[in-house]
C-alpha cells in the first residue's frame, strides 16, 4: 500500500518526547500546496521547456495523418470510357451501369482500395466501413484507455505506446488482402490513436508554468494542421503508385518519432509527484527548471501533499470524477459542449459536397483555415475569458453555418457567398475546439486531467459520428446539414456559462485542492 505520509517530510526532533505532550502542527500552515510548489520549481520559461514541448507536440502530426489518410486511400478514382464503350457512356453516370471493358480507371488499379478490390459498385456501408471502424476504434479506445495516463502508465509512456501501436497497425495495413481485414486493422489503429492528442496536450501543458500554458498548448494545434496539410502533398507524389505506400511512409515516420519520445521526452513532474515518485520528479525538474538545486530540494521538502492512493487501476480516475459532485457536473457540461463542437468540426468538411463550389478548393480552404484559428488562440489566449470565448465562437459558427445554405438570385454569387460563410463557420468551430481543449485541461486537477480530457475528446468524436448521417440527409434538404450544424453548435456554447472561469489560474494537482478552490469560488460568489 502506498505511503500516505507527506512526501519527504521529516519528523520534528523536538516533538519526539512523550506522546501526551506532543502537539500536532497546524494543518498546512507552513507547507505550500503541491500546485504552488510545482509552479515554483518549474521556474521561468526556458529553452529546455520549449524544446520538450515541441517534441511532445509533434505527435499531433502523426495523429492527423492517420485521421485523414482514408480521404485519399479510400477514394473513388476518376474513370473514362474506352473506345469499346463510347456509345454506352453517353447516357451513363456511374460505372455500375456499364459493361466490363467499356470503361477504365484514370489511375493505376492499386491507387485506391476501391479500384484494387473492385468496390466501385459495392454498398455504401461496405465502402464506408473502414472509416467507420476507425472512428469506432477511437470511441472505444478513448473510453478504455482514458485513465491509463493518470493511473499507471503516465503521460510519457501513454504517448509512446499509443504512437507505437498506431504505427505498427498502420504498417500491417499495407498487408491487407481485402476490405474486411483492412477495416479490422483500421479499428485497431483508431483504438491506439484515441489518446495521442490528449496525452501530448496534457504533458506539454504540465511541463511549463501557468504563464505559458495556453501558448504551449497551441503548438499541438499547429502540428495537427501540418499533419493534415502534409497528406495532399504525399498523396500527389504517390498518385501513380499503390495506396499502401501512404500507410508505409506514415508508419515508418511515426516509429522514428517513438524512438525520440523514448530517449528524449521527460515525464510530467506533476504526475510523478502526485504518484509519490519524488526522486524521479526531482530528476525531471533538474532537466527543465531554471532554479538552483538547493532551492528545488527545499521547496519539495517543505510542501504538504499526500500521494493519491485511490488511483490504482485504469478506471480509478473515471470513478472519482463521477463520484465527486463538482467534478461530475463539470465533466457533464464540458462533454455536452464537445458533442456540439465535434458535430461541426468533423461534419463541415464532409458536407462540402452539398455546396455548389469546387470540392478540391473548398477542402484546401478548410484545411488552411485551421492555421489562423490557431494563431488567434496563440496570441489572445491570455487576453480573453474561456467561457466568453467559447460562447462567442460557437454562436458565430452557428450563425454562419445557417447562412451558408442561403440561395442567391445569381448562381455565381451563391457559390462564392456560400463558401465564404462556410469558411467563417468552420474557422469559428476550429477556434472553439482549440479553446475547448485548453479550457478542459484547466478545469481538472493533475490526478484526473488526462482522463477528463480523454472524455472531452470522446464527446467530440461522438458528435462527429452523427455528421455523416446529416450530410447524407442533406442531399434532398440542405438544412439537414449546415442548418442543423448551426443550431447545435450555437446552443452548445451556453453550457460553458455554468462552468468556472480558469483564465490566469494556476493548475491544481489533487482532487482536494480543486475541491477547496471550488468551495472558495462559491463563497466569493455569495459574498459578492
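Every number here is computed from the coordinates shown, using simple stated rules; none is lab data. Computed from a prediction, not measured in an experiment: that's the story for all the values here. Because the Cβ atoms are built from the backbone with ideal geometry, glycine has one as well, and the counts that use them run over all protein chains shown.
Label-to-label distance for residue 47 and residue 211 is 1.9 nm, based on points extended 7 Å past Cα in the beta-carbon direction.
How far, in nm, would the chain grow between residue 226 and residue 329 when pulled straight, counting 0.36 nm per residue and subtracting the alpha carbon separation? Walk me through the numbers before you get to the answer.
Details: separation 103, 0.36 × 103 = 37.08 nm, distance 3.51 nm.
Contour length minus Cα-Cα distance gives 33.6 nm.
Apply 1/(1 + (r/R0)^6) to the Cβ-Cβ distance of residue 406 and residue 512, taking R0 = 41 Å, and write down the FRET efficiency to the nearest 0.05. Numbers along the way, then the final one.
On the way: r = 53 Å, r/R0 = 1.29.
FRET efficiency, residue 406 to residue 512: 0.20.
Estimate the FRET efficiency between residue 76 and residue 249 by the formula 1/(1 + (r/R0)^6), using the beta-carbon distance for r and 25 Å for R0, to the nearest 0.05. Efficiency, rounded to the nearest 0.05: 0.65.
Want the number for residue 503 to residue 175: 0.36 nm per residue separation, take away the alpha-carbon distance, what's left? Walk me through the numbers before you get to the answer.
Details: separation 328, 0.36 × 328 = 118.08 nm, distance 4.88 nm.
Gain on extension, residue 503 to residue 175, equals 113.2 nm.
If I take R0 = 25 Å and measure r between the Cβ atoms of residue 122 and residue 240 in this structure, what FRET efficiency does the formula 1/(1 + (r/R0)^6) give, to the nearest 0.05? Before the final figure, lay out the partial values.
Working: r = 24 Å, r/R0 = 0.97.
It comes out at approximately 0.55.
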